[in-house]
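S.K.: Mind looking over this structure? Questions follow.
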Amino acid sequence: MQRLPYFRYRALLGVVFLGAGLFTPAHAQDPDDMQRGVARISLINGDVSVRRGDSGDWVAGVINAPLLSDDRISTAPNSRAEVQFDAANILRIGGDAEVRLTQLEAGRYQMEVARGTVTFRVLRPSEANVEVDTPNISIRPSKQGSYRISVNAAGETEVMSRAGEVEVFTPRGSQWVTAGQMMMARGTAADPEFQIVNAIPSDEWDRWNENRDRGLLQSNSYQYVGPGVYGAEDLDNYGTWSNVQPYGNVWRPTSVGSDWAPYQSGRWVWEDWYGWTWVSYDPWGWAPYHYGRWFNQPGFGWCWYPGLRSARHYWSPALVGFFGFGGRRGGIGFGFGHVGWVPLAPYEVFHPWWGRNYYGRNDFGRNITNVNVNNIYRNAGVRNGISGVSEGDFRSGRFNNIGRFSGNQVREAGLIRGQVPIAPTNANLHFSNRTVSNVPRSNDNARFFRNQQPNPAQRVPFAQQQRAFEPGNRDNASQNGVRGGQQPGNRGFDNQPAAGRDSASQNGLRGGQQVDRAPRGPQNSPNGSSGGWRRFGEPTGQGATPQAVAPRNERNLRGSTPGGGEPRRVAPGGPINGDSRPNRYQNTRPPGASEAPANRSGWQRFGEPGNSPRQNSPGSPPRYSAPEPRQSAPNYGSSP
């Protein structure tokens, strides 16, 4: 077949797609995808491990590894990690810490901090509903800012606002923490008490966060990508943006060799719901492999086109065309000796392999034999454009030797439209060949207070996903009456029986969280004093103003590295930064309310008279309200 000149080729494609109503040849966004947000590990220092929510396996974390609801991230001592949820919301995790992602969906991120120090950063304006839960309180950032949260071995929590405002929730009420303040909370989730004091001076952890923020905010690449694309800041240091007609601004990697091609440095990993997902080893390899398209331009080499800036873009596990080739054989199975893939070019039709049509089924679409991929995919005719491995290597997770093929070597191929008909193995759950070295002793029965009860899209156990590939198991999930392979009775991940949830709800706890029922009243302390702790809602007494905090080495909450310390010593202090004006966030005693007990020394209980949540006032951030339900699902903006 004679190849058309490039511009005539594209013009012909445009006519075809316009006539077919497919000018943007991407499938409609599945509404279920909106309930399955994907975060990524965007930075790693040291040893970081991920516990997969579908199998329970601990695997070594890598940069660009995707994270889903119910995954856990653990850091070894003196290690750090960064988790990016979108272009605005970022979680940084210090050493010897563990975080569980309880809900990831479009515009909603909820997580539990079991131990250690984290900083949640709202880097840019965002409408996302974010909640960070600890054993006794729940924290919701209200706007752009930097919020540091620490949980020690006793389950006590510190919340510091370095910038912005954060609202802290308990079953008994809520309290605001503003820039320069720190809340210390202790006690059970049913009846915690707190103090608000001056935040400690910035330390090495804070300075590292600030340096990281500056680098991200200086990124130039976000001006070239559309809404919904994140990870674009990684492109700045590894390539250049150029105007290439007819596409406009495209990105070209400059840190690769002359024989480099996309989708060759990395591996295919099995992810619940999404199936085969590309995990790139390129340090910039998030945005260009989950959004947009690749093409090879003479004089420029491989270029990434991010798609229209005016269109909303949605995450895909990869944007390739799969096919089988070589070693054709009969019998039940894949039917070919090799699995091949080629990056999709702009305006090429994309056939997704995930979602409700494939989840929990062995419906693999159909293989079309005697197809020359040169006639189907434009990038197949480019040198090194086709990649592949043997079926055995693909199944066993061996991607060290990804082969490079030309269209002439793949004259007869089976085009795969739908799921690749290869059952995943446990080897396909790993993000790399590295052995996991940091496996924490997680407490699956730990309790957390949740202001909002997470309701994530259910994850199917990996063993059940494997069984879906066995002959005769088609639609096994649907036959069980569970949508998308969801297990009956698995209504959440709070690690408590249904009876526990119901009893907690009957006792008036929000989020159905089961907590210890301790008698109300001050916690036991020497000399009958509560040491300055207050209950939420308690009348403000003489110790209600922010306190000065002892030096870091005298505090018993860990920072970014492990370590203990002597019990906290809190000295009385005045208003923050020496400001003598009344603090508008400081709760005051309402008329007729009794004075606070004199022995509280500044500690309060949530929800007692005088500690009602702050009402909105002019210039104050609004309370979060859930977005209106989406009436229609937009198309993927990841192409053309």
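S.K.: Looking only at segment 91-140, filter to residues that are among the basic types (Lys, Arg) and over 16 Å from residue 206 (Cβ atoms); which one of those is surrounded by the fewest Cβ atoms within 10 Å (Cβ to Cβ)? It would help to see each step written out before you state the result.
M.R.: Step one: of segment 91-140, the residues among the basic types (Lys, Arg) are 92, 100, 108, 115, 121, 124, 140.
From what's left, over 16 Å from residue 206 (Cβ atoms): 100, 108, 115, 124, 140.
Values: 100: 23, 108: 20, 115: 23, 124: 14, 140: 21.
Out of the qualifying residues, it is 124.
S.K.: Then there is this: State whether the residues of segment 417-431 include one that is over 20 Å from residue 317 (Cα atoms), modelled with pLDDT of 90 or more and open to solvent by 50 Å² or more (accessible area, probe 1.4 Å).
M.R.: Of the residues in segment 417-431, the ones over 20 Å from residue 317 (Cα atoms) are none.
The answer is no; no qualifying residue exists.
S.K.: When you look at residue 162, is it touching a residue at least 12 places away in the same chain (Cβ under 8 Å), in contact with a helix residue (DSSP H, G or I) (Cβ under 8 Å, 6 or more places away or on another chain), among the basic types (Lys, Arg) and more than 16 Å from residue 81 (Cα to Cα), yes or no?
M.R.: Working: touching a residue at least 12 places away in the same chain (Cβ under 8 Å): yes; in contact with a helix residue (DSSP H, G or I) (Cβ under 8 Å, 6 or more places away or on another chain): yes; among the basic types (Lys, Arg): yes; more than 16 Å from residue 81 (Cα to Cα): yes.
Considered against the rule, which asks whether it is touching a residue at least 12 places away in the same chain (Cβ under 8 Å), in contact with a helix residue (DSSP H, G or I) (Cβ under 8 Å, 6 or more places away or on another chain), among the basic types (Lys, Arg) and more than 16 Å from residue 81 (Cα to Cα), residue 162 comes out as yes.
S.K.: Additional query: State whether the residues of segment 237-260 include one that is over 27 Å from residue 69 (Cα atoms), buried (at least 23 other Cβ atoms within 10 Å of the Cβ) and not hydroxyl-bearing (Ser, Thr, Tyr).
M.R.: First, pick out the residues of segment 237-260 that are over 27 Å from residue 69 (Cα atoms): 237-260.
Narrowing further to those that are buried (at least 23 other Cβ atoms within 10 Å of the Cβ): 250-251.
Okay, now just the ones that are also not hydroxyl-bearing (Ser, Thr, Tyr), so 250-251.
Within segment 237-260, one or more residues are over 27 Å from residue 69 (Cα atoms), buried (at least 23 other Cβ atoms within 10 Å of the Cβ) and not hydroxyl-bearing (Ser, Thr, Tyr).
S.K.: (1) assigned to a helix (DSSP H, G or I); (2) open to solvent by 10 Å² or more (accessible area, probe 1.4 Å); (3) in contact (Cβ under 8 Å) with a residue 24 or more places away in the chain; (4) of a type in the set (S, T, N, Q): which one isn't true of residue 202, the others all being true?
M.R.: So the condition that residue 202 fails would be (1).
S.K.: Moving to a separate point now. Can we say residue 69 is crowded, with 24+ Cβ neighbours inside 10 Å, in a loop (DSSP other than H, G, I, E, B) and touching a strand residue (DSSP E or B) at 6+ places or on another chain (Cβ under 9 Å)? Don't jump to the end; show me each part of the working.
M.R.: On the way: crowded, with 24+ Cβ neighbours inside 10 Å: yes; in a loop (DSSP other than H, G, I, E, B): yes; touching a strand residue (DSSP E or B) at 6+ places or on another chain (Cβ under 9 Å): yes.
In short, yes.
S.K.: Here is a follow-up. Considering segment 75-89 alone, what residues qualify as being under 14 Å from the mean Cα position of the chain (by Cα) and either in a loop (DSSP other than H, G, I, E, B) or touching a residue at least 60 places away in the same chain (Cβ under 8 Å) (or both)? Write out each step before concluding.
M.R.: First pass over segment 75-89, keeping only residues under 14 Å from the mean Cα position of the chain (by Cα): 81-89.
Correct list: 82, 84, 85, 86, 87, 88.
S.K.: To continue, here is another question. Could you give me the residue pairs with C-beta distances under 6 Å whose first residue belongs to segment 459-473 and is farther than 14 Å from residue 273 by Cα and open to solvent by 20 Å² or more (accessible area, probe 1.4 Å), whose second residue is at pLDDT below 90 and in a helix (DSSP H, G or I) wherever it lies, and which are 6+ apart or on separate chains?
M.R.: Going by the 6 Å Cβ cut-off, the qualifying pairs are 473/467.
S.K.: What strands (runs of 3 or more DSSP E) lie completely within segment 353-453 and have 2 or more residues being out of contact with any strand residue (DSSP E or B) (no Cβ under 6 Å at 6 or more places or on another chain)?
M.R.: Working: elements: 366-371, 386-390, 403-405, 413-417.
Counting at least 2 such residues, we get 366-371.
S.K.: Determine if segment 179-196 includes at least one residue that is within 23 Å of the chain's Cα centre (by Cα) and outside any strand (DSSP E or B).
M.R.: Initially, segment 179-196 is screened for residues within 23 Å of the chain's Cα centre (by Cα), giving none.
Checking segment 179-196: not a single residue is within 23 Å of the chain's Cα centre (by Cα) and outside any strand (DSSP E or B).
S.K.: Also, quick follow-up: For residues that are over 15 Å from residue 448 (Cα atoms) and among the hydroxyl-bearing types (Ser, Thr, Tyr), scanning just segment 155-180, find the one that is surrounded by the most Cβ atoms within 10 Å (Cβ to Cβ).
M.R.: Per the criteria, the residue is 161.
S.K.: Which residue, of 46, 53, is on the phi > 0 side of the Ramachandran plot and modelled with pLDDT of 50 or more? First the steps, then the outcome.
M.R.: Numbers: 53 fails: on the phi > 0 side of the Ramachandran plot.
When all the criteria are applied, what remains is 46.
S.K.: Still on this structure, please answer the following. Which of the residues belonging to segment 405-416 are buried (at least 18 other Cβ atoms within 10 Å of the Cβ) and either in contact with a Ser or Thr (Cβ under 7 Å, 6 or more places away or on another chain) or of a type in the set (Lys, Arg) (or both)? Explain how you work it out, then say what you get.
M.R.: From segment 405-416, those buried (at least 18 other Cβ atoms within 10 Å of the Cβ) are 405, 407, 410, 413-416; that's our starting set.
Correct list: 414 only.
S.K.: In segment 290-304, how many are touching a residue at least 60 places away in the same chain (Cβ under 8 Å), open to solvent by less than 10 Å² (accessible area, probe 1.4 Å) and at negative phi?
M.R.: So the count comes out to 6.
S.K.: Report the residue count in segment 432-444 for those that are without any contact (Cβ under 8 Å) to a residue 40 or more places away in the chain and either hydrophobic (A, V, I, L, M, F, W, C) or buried (at least 20 other Cβ atoms within 10 Å of the Cβ) (or both). First the steps, then the outcome.
M.R.: The first filter runs over segment 432-444 and keeps only residues without any contact (Cβ under 8 Å) to a residue 40 or more places away in the chain, leaving 433, 441.
So of that shortlist, the ones also either hydrophobic (A, V, I, L, M, F, W, C) or buried (at least 20 other Cβ atoms within 10 Å of the Cβ) (or both) come out as none.
Residues that pass the stated criteria total 0.
S.K.: Restricting attention to segment 382-404, and to residues there that are open to solvent by 50 Å² or more (accessible area, probe 1.4 Å) and over 32 Å from the mean Cα position of the chain (by Cα), which single residue is farthest from residue 427 (Cα to Cα)?
M.R.: By that ranking, first place goes to 383.
S.K.: Determine if segment 94-108 includes at least one residue that is part of a loop (DSSP other than H, G, I, E, B) and aliphatic (A, V, I, L, M).
M.R.: Yes, segment 94-108 has at least one match.
The values are calculated or read from the model by the stated rules, or taken from the named source; none is laboratory data. Keep in mind the model is a prediction, meaning the values are calculated, not measured. Positions of Cβ are backbone-derived with ideal geometry, glycine not excepted, and every protein chain shown enters the neighbour counts. Accessible surface areas use protein heavy atoms only, side chains included; no ligands, DNA or RNA. Shrake-Rupley method; radii C 1.70, N 1.55, O 1.52, S 1.80 Å.
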